[in-house]
Amino acid sequence: MIDKILNIYSRQVLDSRGNPTIYTLVKTSSGNTGFSYVPSGASTGSKEALELRDNDPKYFNGKSVLSAVKNVTDEIGPNLIGMNVNNLDEIDSKMLDIDGTEYKSRLGANSILSISMACTRASAASNNIELFELIRKLYDSELNNYKLPNPMFNVLNGGSHAFNSTDFQEYMIVPVGIENFEESISAGFQIYNKLKKLLERKNYPTTLGDEGGFAPPGLTNEEPLELLTKAVSQTEFKLGSDIKFALDVAASEFYDNSVDMYDLKSESKKISSSELAFLYENLVQKYPIYSIEDGLSEDDWSGWQNLTKSIGKNIQLVGDDLYVTQKKFLRRGIDENAGNSILIKLNQVGTVSETIENIKLAQNNNFETIISHRSGETEDTFIADLAVGTSSTQIKTGAPARGERVNKYNRLLIIHDIIKNKYKYSPKNNTVGTYK
Ligand code: PGA
Ligand code: ZN
């Protein structure tokens, strides 16, 4: 079915940190529309597609995105008018051609992605189907069985997402053993609230980090795991079966290239790649951790290979900064046995088509795919639909707090009902946690 792009509107708006980002609206000839808001990271991988900012200190401390907006309205947009919104592959490749660079550095991945996401939504509207159903068509039109992802609740925030905190960036609780999605949300809520009480009793502040987790100052990297163990024990849920832990260490952030060491500031020591790997080996013995993301730096490929060899059979080792959702790095990870799972962030690569292609490449090689938010988020809930549409086993979208995190969980709750009514679907994706 042909539904032509009639008009593309875009403007600068704000994300959850108050930083400027792009909003785009695509209108089609049959009167359908699709919008998008683009998120933004803080602990970004160095090889991510380029996020174009104006760097003019007079506006938003250099963070304004007016040139990226102009690229949408004045350069990319006019080239797409008249194209069929239902042919996303063609639209995305056209944008790659217009940009002409490997990392979308001329026009900006933020401009390109905003159009790609908005067109995907407009196409869903044009077909009168839900966004996750449209994504499923793009991903695998034969597959008709939907499952919801496991929510990874980031309840303690450190690293570059909080001030004066742990070196490790994220401590997550994951209801791997709970089949019902709504009960999973309820478990996240209950543990989160027990944790809050625990912190209050210890006189820690309970102000929130960027992703909605608590960010108590002055903790060692292990103490959050003790706190979480205690919080879970005060609920009806069983640690190790209902609930497991996951970490996003974001180790590139504290890797000191000049001495090839990891600088654990909260513990005032620098350790080598193999010492850090040994630390993880001990942590996974002591706590029910089933997943470690960016345990080593994006430059430490041999360290990744060693870690994968030592604990990769039992532990999900997720590359975020390592693969930056890009085929080239994912391919290397697969070929060299460096990691066994991938974090998926749309704006690391910059189009919906490439994102879906990379999800398929990962899954075809038995990598788990984890769909992720960014620390700078918006009201856009696209990633909830992306997770369901691509049968991803997990979604990482923060604590059960802060509007820009909760909206993704809310969208999943609604998708849950749609699926149940329409496809006679049953449980949540529970293949994680009993990893490989
Ligand atoms: P970022 O953090 O959005 O700041 O990059 C999220 C993550 O590292 O997973
Ligand atoms: Zn990460």
Report the full-extension gain for the segment residue 46 to residue 193: residue separation times 0.36 nm, less the Cα-Cα distance, to one decimal in nm. 49.4 nm
Gain in length, residue 103 to residue 61, computed as 0.36 nm per residue apart minus the alpha-carbon separation, to one decimal in nm? 12.7 nm
Return one number: the angle in degrees, 0 to 90 and rounded to the nearest 10, between the long axis of the Cα atoms of helix 109-126 and the longest principal axis of the Cα atoms of the chain. 70
Alpha-carbon spread of the range 5-128, three principal axes, descending order, Å: 42, 28, 25
State which stretch of the chain is the longest one without any exposed GluC sites (Glu not before Pro), exposure meaning a DSSP loop state and at most 10 other Cβ atoms within 10 Å. 237-436
Grab the DSSP H runs of the chain that are 4 residues or longer, score each as -39,500 (n - 2.57), total them, divide by all residues and round the 222 nm result to the nearest 500 deg cm²/dmol. -11500 deg cm²/dmol
Could you check the spin-label model distance between residue 259 and residue 79? Points 7 Å from the Cα along Cα→Cβ, value in nm. 4.7
Using only alpha carbon pairs under 8 Å that are at least six residues apart, calculate the relative contact order of the range 150-435 and give it in whole percent. 20
Distance between the C-alpha centers of the range 58-106 and the range 377-434? Whole Å please. 28
Using the Cα gyration tensor of the chain, the equivalent ellipsoid's semi-axes, largest first and to the nearest Å, work out to 34, 24, 21
At a Förster distance of 35 Å, what's the computed FRET efficiency of residue 414 paired with residue 365, Cβ-Cβ distance as r, to 0.05? 0.65
Lys, Arg +1 and Asp, Glu -1 on Cβ, resulting dipole of the chain about Cα centre, debye, nearest 20: 960
Leaving out ligands and nucleic acids, note down the accessible area per residue over the range 5-128 with a 1.4 angstrom probe, in whole Å². 42
When the chain is fully extended, how far beyond the present Cα-Cα distance does residue 234 get from residue 128, taking 0.36 nm per residue of separation? 33.6 nm
Using the heavy atoms of the protein chains and a 1.4 angstrom probe, tell me the accessible area per residue for the range 288-336 in square angstrom. 34
Could you tell me what percent of the accessible area of the chain is made up of carbon and sulfur, with a 1.4 Å probe and every protein chain present? 48
In nanometres, what is the gap between the two model label sites at residue 180 and residue 29, each 7 Å from Cα along Cα-to-Cβ? 4.9
If I model the range 149-211 as equal point scatterers sitting on the Cα atoms and use the Debye formula, what is log10 I(q)/I(0) at q = 0.27, 0.29 Å⁻¹? -1.15, -1.21
Can you sort 21, 207 by 1.4 Å-probe accessible area, starting with the largest? 207, 21
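The values are calculated or read from the model by the stated rules, or taken from the named source; none is laboratory data. Worth saying up front: this structure is predicted, and the values here are computed from it rather than measured. Reconstructed Cβ throughout: ideal geometry from the backbone, glycine too, with neighbour counts over all protein chains shown. With ligands, DNA and RNA removed, areas are computed over all heavy atoms of the protein, side chains included. Shrake-Rupley method; radii C 1.70, N 1.55, O 1.52, S 1.80 Å.
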